[in-house]
Structure formats: structure tokens, C-alpha cells
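Let me begin by presenting the structure, written as C-alpha cells, before commenting on it.
The values are calculated or read from the model by the stated rules, or taken from the named source; none is laboratory data. For clarity, every value in this text was computed on a predicted model and none was experimentally measured. Glycine also receives a Cβ, built like all others from the backbone with ideal geometry; neighbour counts cover every protein chain displayed.
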Amino acid sequence: MRPFAQYRVGARALSRRERDVQRDIRVILTIAVLVGVSAWTLLSVLAPRSKPMVTVYAHADCNSCLRWMQHIAARGFRTQLGPRPDWSAVRAELAVAPAYGSSFTAVVDGGLLIEGPVPARDIHRALKLRSSYDVRGLIVQGVPRGSPGADSALPEDYLVLLVGDGGRIETFAEHEH
């Protein structure tokens, strides 16, 4: 009797080379499955569980407002329109001074105020800083050309202002074109 059993496929015995190739294929497939499962597990642990909700108080026919909502939705946020009658109450509750008003007001889960077309990357940065600093909100005055939702062939520079506790306002980001 031979020391190794003969492998058969159908009626034909496999050669040693064929057995080695089949073993190599099984090893490669096993490694591929393990790598895939490991990558999936790692991504599911690192990925955020849910996107933050942004409630936007704006006129339903405001095109730049809707484009801004699309901008932030494409960059990791969920969006919804808030009831229009609540708009002035939200601004009063968050103490938005009339001088800093814009075409819309938004509130991110957890109460972060957004006034005007603030870029999504600035909102993400403010959310990260909130645990360490007193960040109550972000403001872009008016609707500057070139800001998210206000695309323009002639963009203008604009500032994103940070609102801290006590109504303190300071520059958070400068966007130059």
C-alpha cells in the first residue's frame, strides 16, 4: 500500500501536481475569506453608527437652501425640513442676533446651531471640538457667492464664525477663492 491515499476525481486519479494546485487554491480562498471578514469587521467597528440629523428651517422654495442640504447630505449628514412656524422660535432660543441672520437656520443633533451655508467639513470639525470647547454654533452671514448651495462663476471670500457660550463670536474658518 502506498503511504498517501490516491485522490480520485471521477474515475481518474489526480497527479501530485493537481493535488498541490487544489490545495493552493483552497489556501488562497481561505485567506481571501479571512481577509474579507476581518476588513468588514474593522470597517463596521470604525464606521459611525448613524449619520447626524440636521433639521433645516427654511422656505421650501429656497433653491440655495435645498442645494446646501444636498451638499451636507452628500458629506455624512441626514437632513429634514423643520416646520416653518418654528423657525423664529428656534432662532430666538439659540439667540441668533439679527445681524448674523441668513436665508436659513439649521440645528444638528445635540443642539449645534448652523446659520447660513456653512460647509460640511466645518460642521464635522465643530462637532469634534464640541466636547473640548464651548461651541454652540457656526454662522455664515448672508449667502456668499461660492459658498455651499450658492455656486457662482465669481465666488467671494467668506468667514465661518463660531458662536461660543455667552454669545461670544470669533472666526472659525476662512474660505478664500
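Quick look at the numbers
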{"read-out": "Any chance G110 is surrounded by 18 or more Cβ atoms within 10 Å (Cβ to Cβ) and either farther than 21 Å from L66 by Cα or touching a residue at least 24 places away in the same chain (Cβ under 8 Å) (or both)", "value": "no"}
{"read-out": "Verdict on A99 being assigned to a loop (DSSP other than H, G, I, E, B) and over 15 Å from the mean Cα position of the chain (by Cα)", "value": "no"}
{"read-out": "For H124: the one exception among (1) at pLDDT below 90; (2) surrounded by 13 or more Cβ atoms within 10 Å (Cβ to Cβ); (3) not β-branched (V, I, T)", "value": "(1)"}
{"read-out": "Some residue of the stretch 88-104 being in contact with a Phe, Trp or Tyr (Cβ under 7 Å, 6 or more places away or on another chain), closer than 21 Å to D151 by Cβ, surrounded by 17 or more Cβ atoms within 10 Å (Cβ to Cβ) and not charged (D, E, K, R)", "value": "yes"}
{"read-out": "Index of the failed condition, R130 passing every other in (1) in contact (Cβ under 8 Å) with a residue 60 or more places away in the chain; (2) surrounded by fewer than 17 Cβ atoms within 10 Å (Cβ to Cβ); (3) not hydroxyl-bearing (S, T, Y)", "value": "(1)"}
{"read-out": "Qualifying residue in the stretch 76-83 (condition: among the small types (G, A, S) and assigned to a loop (DSSP other than H, G, I, E, B))", "value": "yes"}
{"read-out": "Considering residues of the stretch 22-71 that are assigned to a loop (DSSP other than H, G, I, E, B) and aliphatic (A, V, I, L, M) only, the residue modelled with the lowest pLDDT", "value": "A47"}
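Residues checked against (1) closer than 22 Å to A60 by Cα; (2) part of a loop (DSSP other than H, G, I, E, B); (3) of a type in the set (D, E):
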site	(1), (2), (3)
V90	yes, no, no
I114	yes, no, no
V118	yes, yes, no
Y133	no, yes, no
V163	no, no, no
